[in-house]
Amino acid sequence: VQLQASGGGLVQAGGSLRLSCAASGRTFSSYNMGWFRQAPGKERDIVAVISWSGAITYYTDSVKGRFTISRDNAKNTVYLQMNSLKPEDTAVYYCAADPGLMPSRYAKTYDYWGQGTLVTVSS
């Protein structure tokens with residue numbers, strides 16, 4: 001699976017962005033998908049996860065109520081809608097694919113990674 005993330009950019013605090021991650025290959029619908037982020041000087045952290053069917057989602061506490069993960073298996077694409085953005089959301093955002101049975105919060109379970117897209121939130 002090859003992943004291509006897009007949609008990052010510069011936005012003011014309180015604004016919104018929608019990230020997209022397009023996947024190649026016919027098996028996209030069998031993968032759990034995750035969005036991670038890495039701020040300068042920090043480790044890569046989980047943001048949100050969605051199961052292969054879309055039935056199960058997980059959000060890290062800091063984005064609950066502001067971010068929404070979704071997927072369209074017909075389009076081989078996973079999305080991250082980000083609302084009420086804060087300066088602390090500034091990071092490079094990565095999408096990743098996990099072939100496991102259950103969606104995971106841990107980066108080590110993800111086999112495929114996109115190249116990252118930069119989100120900058122100004123105060």
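The values are calculated or read from the model by the stated rules, or taken from the named source; none is laboratory data. Keep in mind the model is a prediction, meaning the values are calculated, not measured. Neighbour counts are summed over all protein chains in view; Cβ atoms, including those assigned to glycine, are modelled from backbone coordinates with ideal geometry. Just the protein is used for accessible areas: all its heavy atoms, side chains included, with ligands, DNA and RNA removed. Shrake-Rupley method; radii C 1.70, N 1.55, O 1.52, S 1.80 Å.
Could you list all residues from the stretch 84-93 that are open to solvent by less than 50 Å² (accessible area, probe 1.4 Å) and of a type in the set (S, T, N, Q)?
If the condition is that a residue be open to solvent by less than 50 Å² (accessible area, probe 1.4 Å) and of a type in the set (S, T, N, Q), then T90 is the only one that fits.
Output the number of the condition that G65 fails; it satisfies all remaining conditions of (1) on the phi > 0 side of the Ramachandran plot; (2) in contact with a helix residue (DSSP H, G or I) (Cβ under 7 Å, 6 or more places away or on another chain); (3) small (G, A, S).
(2)
If only one of S53, S16 is within 13 Å of D89 (Cα to Cα) and among the small types (G, A, S), which one is it?
Answer to the selection: S16.
Residue by residue through the stretch 78-95, note down the ones that are within 21 Å of G41 (Cβ to Cβ) and either modelled with pLDDT under 95 or small (G, A, S) (or both).
The one that is within 21 Å of G41 (Cβ to Cβ) and either modelled with pLDDT under 95 or small (G, A, S) (or both): A91.
Can you list the strands (runs of 3 or more DSSP E) lying wholly within the stretch 1-73 that have 3 or more residues being in contact with a strand residue (DSSP E or B) (Cβ under 8 Å, 6 or more places away or on another chain), at pLDDT 95 or above and surrounded by fewer than 16 Cβ atoms within 10 Å (Cβ to Cβ)?
By residue number, 9-12.
So which pairs qualify, if the first residue must be in the stretch 94-123 and under 18 Å from S70 (Cα atoms) and open to solvent by 40 Å² or more (accessible area, probe 1.4 Å), the second must be part of a loop (DSSP other than H, G, I, E, B) and among the acidic types (D, E), the Cβ gap must be under 7 Å, and the two must be at least 6 apart or on different chains?
Matching pairs, first to second residue: P99/D111.
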